[in-house]
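S.K.: Take a look at this one; I'll ask things after.
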Amino acid sequence: MLAGVVLFFLVFSDNGISTSKLQFPLFYLRSNNRHHRNLKAVKDFTDPRSITSRTERPLLINGVDSYPFLTGVDESTLPPPSVEPNAHTTFESLMDQFVLDSERSNYLINVGAQDGKTHDPTYPLLFAGYDGILFEGDEGVKEQLYKNIAALPHYEIIKPYISWGNVSPHTVIARLAKGRARKDADVLKMDIDSFDAQLMETILGGGYRPKIIMVEFNPDLPPPMAWHQLYSPHPFNFDKVMLGNYGATASAWHNILTDKFGYGLVGMEIVDTSAKCERCEHNMWFVSKELLNRRGFRAMTHAEMTKIFWDTHSKAKEETGRMICIHAKNPCLLFTPNELMNAMPNSEYWHGDIPQRNLQLSLMLAEEPAISCEARKAYETSVVQSFLGQMEAGCRCKTCAEGDPCLQTWNIHTNSSYVC
């Protein structure tokens, strides 16, 4: 194997991050492409990644088997990782970037496993010989899930544990313990299309510390809207999802995973045009701060995450030829609310294409103390009266569960201490 060439590019802004122009320190690791070490065990089998036909474009590329780890470094002096918008990564590529072979537990946690194979980024790890625990409660996939796991090439030696039945924040810790789940799992995937964020807080709060986390997020609600669904015992309902009452937003995940539990964003995707369902990929990928720091990175700030969010939407629009909300059809908060345009008719933020215009709006709402109370209240009014009202209606649809409390929580993420 040829040795990788490591290039460092550091570009700092004298004034830090501004709402008019974001400047990011760049830190790229480049080398020749190579096969993932984790997949060596499957070289004689059909590559399981062909299941979803995803085209992998690693976020960061390296070609070394040992890393020049940094120690004793002030995190504030480090740059964030440079993230390619809408790049479709895998757990294997991130493991190769950040985790040495000797550090791996070869264990995973999959919450929302479906059939354990189709459209699931943990399957290549199971196929390569990982152990783990899989949570699922959809009776429609139960038979296929058990068949797929039993068909794994290493099943006679390694038998991943299936924790069957709908999981909740009240039961997940006990079920992890029953399945003898390791607290040092290499990866955790969370995808249940509902109270994902509350369940994640419970797992991490229970002392489980995976190295890498993938979560599905609600891409229709842009920063600084920190919204997420709360637990309800009522069954999942697709009509409710299609009205936007779905999962957690990017800002909510930043608040939970970065600010509260110490994970940094390393990837975001919204569409995958190579997949059969191109709009089924809206995921965020996180790595623990400890692993980021020793590779010379720090966790992204909310403002940096916001830029990645809108750059990813721009890339998705470029790849698909259109920019639409996936679930929340009307209203769609990806587009500037009329109330804000009326409150600030001459604002510079209304210029440029939609993603760039809304990037500046997102940053203005979250980062600038100088924003007028009229404009901030106009945004909150738009959110409360239109979008949250739509979500409430989603719990009252004809096919929805009677008595669904439609529990949710939200706030406007802000770094400003200014109070209107």
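Read the figures in this text as sums done on the coordinates, not as results from a lab. Because the structure is predicted, anything quoted here is derived from the model rather than measured. Methodologically, a virtual Cβ is constructed for each residue, glycine included, from the backbone with ideal geometry; neighbour enumeration extends over all protein chains shown.
S.K.: If you take the Cα atoms of segment 241-296, find Rg, then find the Kirkwood Rh from the mean of 1/r over all pairs, what is Rg/Rh?
M.R.: A ratio of 1.08.
S.K.: Measuring from label point to label point, each 7 Å out along Cα→Cβ, what is the Ile158 to Lys260 span in nm?
M.R.: It is 3.1 nm.
S.K.: Considering the zone a paramagnetic label at Glu278 would reach in this model (a point 7 Å from Cα along the Cα-to-Cβ line), which residues of segment 288-317 have amide N under 11 Å from it?
M.R.: Inside the label zone: 316-317.
S.K.: For segment 132-259, what percent of Cα pairs sit more than 23 Å apart?
M.R.: Beyond 23 Å sits 37 percent of the P(r) for segment 132-259.
S.K.: Here's a follow-up. How long are the semi-axes of the ellipsoid equivalent to segment 265-324, from square roots of 5 times the Cα gyration tensor eigenvalues, in whole Å, largest first?
M.R.: Output for segment 265-324: semi-axes of 26, 13, 8 Å.
S.K.: Around Ile203, with a cut-off of 11 angstrom between Cβ atoms, what is the net charge of the other residues, counting Lys and Arg +1 and Asp and Glu -1?
M.R.: Charge balance near Ile203 sits at +1.
S.K.: Continuing with this model, one more query. What's the FRET efficiency of Phe238 with Glu290 using the Cβ-Cβ distance as r and R₀ = 56 Å, to the nearest 0.05?
M.R.: So, using R0 = 56 Å, E works out to roughly 0.90.
S.K.: Further question: Which value in nm describes the separation of the simple spin-label points at Arg322 and Glu139, placed 7 Å from the Cα toward the beta carbon?
M.R.: Using points 7 Å along Cα→Cβ, the separation is 3.6 nm.
S.K.: Could you rank the peptides 198-207, 293-302, 135-144 by their average count of other C-beta atoms within 10 Å per residue, with the highest value first?
M.R.: 293-302, 198-207, 135-144
S.K.: For q values of 0.11, 0.17, 0.23, 0.25 Å⁻¹, compute log₁₀ I(q)/I(0) with the Debye formula on a Cα-only model of segment 86-183, without solvent.
M.R.: Log-scaled intensity ratios, in q order: -0.33, -0.79, -1.29, -1.40.
S.K.: Here is a follow-up. Once both labels are modelled 7 Å past Cα along the beta-carbon direction, what's the Lys178-Glu75 spacing in nm?
M.R.: 3.6
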